[in-house]
Amino acid sequence: MAETIQMGTPILAKNDRLADELRTRFAQDGTFVVNLLSSPGSGKTSTILATMRGLADRFRIGVIEGDIASDVDALRVKEAGAAAVQINTGGLCHLESAMIARAWDAIGDKGLDLAIIENVGNLVCTVDFDLGETLRVMILSVPEGDDKPLKYPGIFQSSQVILVNKIDTLPAFDFDRARFRDEISQLNPNARIFEVSAKTGEGMDAWCDYLAQRIQEHKAHASAARS
Amino acid sequence: MHEYSIVEGVMDGVIPLARQNGASRVSVIRLRIGTMTDIVREALDFAWDVVCDERGPIVQGCRLEIEPVEPHFVCMACGHEYDADRLHPRCPVCGSGQTLLTKGRELEIASFDIETPETSDDES
């Protein structure tokens, strides 16, 4: 005879619980945390470097690099002067909260105003894993095409900010900006869209100013909560 | 292939509870999965077989049943409640984009069936 046990429990309960613990730690450390998602080759590391250049005089920045293998990205970030920790997932297609908790221990320096988590390049698997972030940002690069939101709606719907990178390459590709904005306005009307080029710096000021404002608001909110 | 992590999460939830309930084997696990998640059934089945083998006799040969959950929205502007496909979440009545997804992102273990040593035909 079989017996049925009722559960109704989230499958990723462990990750969600760890993500909540991370959110508390990030708040205690006064750090604004960005979870940066995109496909491979869209320019995540270049965008992080350009963002660091835009904000380095105002904030202390750290980076957690997630890759399947190698530490080339962390080295690039360290050379640019930020605290950086590399996570190698060893084949896993996304980052999980347990990895971020270990990286946060390893990063040591807890006086950071901003930490950017560079997730594994993947438009699907990264979406369901909360990392305790304050802001979820994704990059779509122009060569990937304006129809990506229809093919991978999940990531476009779960991101609060969408950076359209490599905007300097528009003349070479059939990327319809109006169609892209229309798709996002259907899928995720509240998303903020910034057109940028990490390479030329075009549009980076607007994105950096927005991020700086969010970090300041977060700090003001955190100190109000403490007092 | 995050389906592998999903299946690991299922087993982490089910196996300890099955043992607490004196199970010798778990025969079927039922999941509730929202269609707004990007779970691929074929990838899930593949990961399922691999992980069930790894986790030992208690879940070997365990069946997987999935109840899909379609997206359901509430419009924050006019209060209208509606089902919509994932590509068209805007309110069909007032056109607002200020909507709340109330169903469709579920990744849940609904229930599972166990065999106990007293009731099992096969105690090996």
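What follows draws every value from the coordinates through simple rules; no lab data is involved. In this text the structure is predicted, and so the values were computed from the model without any measurement. For neighbour counting, all protein chains shown are included, and Cβ atoms are generated from backbone atoms with ideal geometry for every residue, glycine included.
General observations
- For chain B, cysteines whose Cβ has no other cysteine Cβ within reach (under 4.7 Å): B:52, B:62
- Relative contact order of the range B:55-124, pairs being alpha-carbon contacts under 8 Å that are 6 or more residues apart, as %: 28
- Three-way shape call for the range A:29-219 based on the alpha-carbon gyration tensor, with the a/c threshold at 1.5: prolate
- As a proxy for reagent exposure, ranking A:124, B:40 by other Cβ atoms within 10 Å from fewest up yields B:40, A:124.
- Rounded if a/c under 1.5, otherwise prolate or oblate - the protein assembly as shown, Cα gyration tensor axes: prolate
- Computed per residue of chain A from DSSP H runs no shorter than four, each worth -39500 (n - 2.57), the mean residue ellipticity at 222 nm is -12500 deg cm²/dmol.
- Taking the Cα centre of the range A:29-219 as origin and assigning +1 to Lys and Arg Cβ atoms and -1 to Asp and Glu Cβ atoms, the resulting dipole is close to 200 debye.
- Coil-residue trypsin sites (Lys or Arg not before Pro) of the range A:1-81, DSSP, other Cβ within 10 Å capped at 14: A:58
- Likely footprinting exposure, A:75, A:131, B:64, fewest C-beta neighbours within 10 Å first: A:75, B:64, A:131
- DSSP-assigned coil residues among trypsin sites (Lys or Arg not before Pro) in the range B:33-102, each with at most 12 further Cβ atoms within 10 Å: none
- Links that overshoot a 31 Å alpha carbon limit, given the list A:148/A:199; A:148/B:103; A:78/B:103; A:44/A:219; A:151/A:219: A:78/B:103; A:151/A:219
- Absence of a disulfide-compatible partner, taken as no other cysteine beta carbon within less than 4.7 angstrom, is noted in chain A for A:208.
- Computed over chain A: relative contact order in percent, which uses C-alpha pairs under 8 Å that are six or more apart: 24
- Pairwise FRET efficiency - residue A:88 versus residue B:66, Cβ, R0 = 35 Å, nearest 0.05: 0.60
- Neighbour counts of C-beta atoms inside 10 Å place A:200, B:99 in the sequence A:200, B:99, starting with the fewest.
- Relative contact order of chain B, pairs being alpha-carbon contacts under 8 Å that are 6 or more residues apart, as %: 35
- Where a label projected 7 Å from the Cα of residue A:190 along Cα→Cβ would reach, residues of the range A:29-59 with amide N under 19 Å: A:33-37
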